[in-house]
Amino acid sequence: MAKKKAGSTKKEEEIAVLEYLTKVNRPYSATDIFNNLHAKYTKGAITKALDQLVKDESIISKTYGKSTIYSAKQSLDDVPSEKEVRAMEKSLEELAEKHDALASENRTLDQVLAKTRSEPTTDEAKELLEKAKTENEQLKEKLEKLKSGTVLIPPEKRKRANDDFDTYRQLWKKRRGMFREIFKTVTEHYPGNPSELKEELGIEEDPIPFEQDPLVN
């Protein structure tokens, strides 16, 4: 283990991290150390402590891709062999790959969680389902009435429409009679053909007799 530099004072987090790495004598990522210390300190505090320990040369770090691995410095009396170094490097690479895979999985789970939170709860889904069933039944009932030829106009609206029709029909009858009387008087001594005069003036009469109106039952 590297000796503490004179004049420096390590914080509790730094001491805990250094003691842990020295004890296990294995390389770990900041996340692994945070989890292995059972979240006694925040992840931010662990990361800050690791950075300071690297700066103080109390531990060493090595970056693989997006991951940084930390381990305790080895004493000169315990220098690993070339085989042990290769094994450690392989272990570091495996840990880095594991870290990247876990980070990717964590991002995926975060996306799934966000999507799940945006969807309706079970109670809300039940309420929406009941509402949809009610609307479906109403539409089904309306469709059946349309298929059977049932008139869907409310009775009060139908009565009002019939009353308006009768009123306008009587008014039409009255005005039609007035026009015929006036036109007959005006053309009584007309030398030409009254029908041709109507055509010249652009007057068009309803060819359907009042009593034969197809809209009247």
Quiz prompt | Of residues in segment 146-186 being at pLDDT below 80 and touching a Lys or Arg at 6+ places or on another chain (Cβ under 9 Å), the one nearest to E205 (Cα to Cα) | solution = V151
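Going by the structure shown, is D100 closer than 19 Å to F34 by Cβ and surrounded by fewer than 11 Cβ atoms within 10 Å (Cβ to Cβ)? Give the steps one after another, and end with the answer.
Numbers: closer than 19 Å to F34 by Cβ: yes; surrounded by fewer than 11 Cβ atoms within 10 Å (Cβ to Cβ): no.
When the stated conditions are applied, D100 does not pass them.
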Quiz item: Identify, please: which residue in segment 17-40 is of a type in the set (G, A, S) and at pLDDT 90 or above and is, among those, farthest from S67 (Cα to Cα)?
Solution: A30
Quiz item: So which pairs qualify, if the first residue must be in segment 31-53 and farther than 16 Å from A72 by Cβ, the second must be modelled with pLDDT of 90 or more and among the aromatic types (F, W, Y), the Cβ gap must be under 7 Å, and the two must be at least 6 apart or on different chains?
Solution: K43/F34
Quiz item: Filter segment 155-208 for residues that are among the hydroxyl-bearing types (S, T, Y) and outside any helix (DSSP H, G or I); which is surrounded by the fewest Cβ atoms within 10 Å (Cβ to Cβ)?
Solution: Y190
Quiz prompt | Conditions (1) outside any helix (DSSP H, G or I); (2) surrounded by 15 or more Cβ atoms within 10 Å (Cβ to Cβ); (3) among the polar types (S, T, N, Q): number failed by T22 | solution = (1)
Quiz prompt | Matching residues, segment 17-46, being under 36 Å from the mean Cα position of the chain (by Cα) and farther than 21 Å from K90 by Cβ | solution = F34, N35, A39, T42, K43, G44
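Just to be sure before I move on: is L215 surrounded by 10 or more Cβ atoms within 10 Å (Cβ to Cβ) and either assigned to a helix (DSSP H, G or I) or modelled with pLDDT under 80 (or both) in the structure I sent?
Values: surrounded by 10 or more Cβ atoms within 10 Å (Cβ to Cβ): no; either assigned to a helix (DSSP H, G or I) or modelled with pLDDT under 80 (or both): yes.
For L215, the condition - surrounded by 10 or more Cβ atoms within 10 Å (Cβ to Cβ) and either assigned to a helix (DSSP H, G or I) or modelled with pLDDT under 80 (or both) - is not met.
Considering every residue within segment 127-148, establish whether at least one is more than 30 Å from G65 (Cα to Cα), within 56 Å of the chain's Cα centre (by Cα) and either in contact (Cβ under 8 Å) with a residue 40 or more places away in the chain or not in a helix (DSSP H, G or I) (or both). I'd like the intermediate steps shown before the answer.
From segment 127-148, those more than 30 Å from G65 (Cα to Cα) are 127-148; that's our starting set.
This time we only want the ones that are within 56 Å of the chain's Cα centre (by Cα), so: 127-148.
Those still in the list that are either in contact (Cβ under 8 Å) with a residue 40 or more places away in the chain or not in a helix (DSSP H, G or I) (or both) too: none.
For segment 127-148, residues more than 30 Å from G65 (Cα to Cα), within 56 Å of the chain's Cα centre (by Cα) and either in contact (Cβ under 8 Å) with a residue 40 or more places away in the chain or not in a helix (DSSP H, G or I) (or both): absent.
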Practice problem: Quick one: count up the residues across segment 25-65 that are farther than 26 Å from E97 by Cβ, outside any helix (DSSP H, G or I) and charged (D, E, K, R). | Solution: 3
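The values are calculated or read from the model by the stated rules, or taken from the named source; none is laboratory data. Small disclaimer: the values here were computed from a predicted structure and weren't measured. Positions of Cβ are generated from backbone atoms using ideal geometry, with glycine treated the same way; all protein chains shown enter the neighbour counts.
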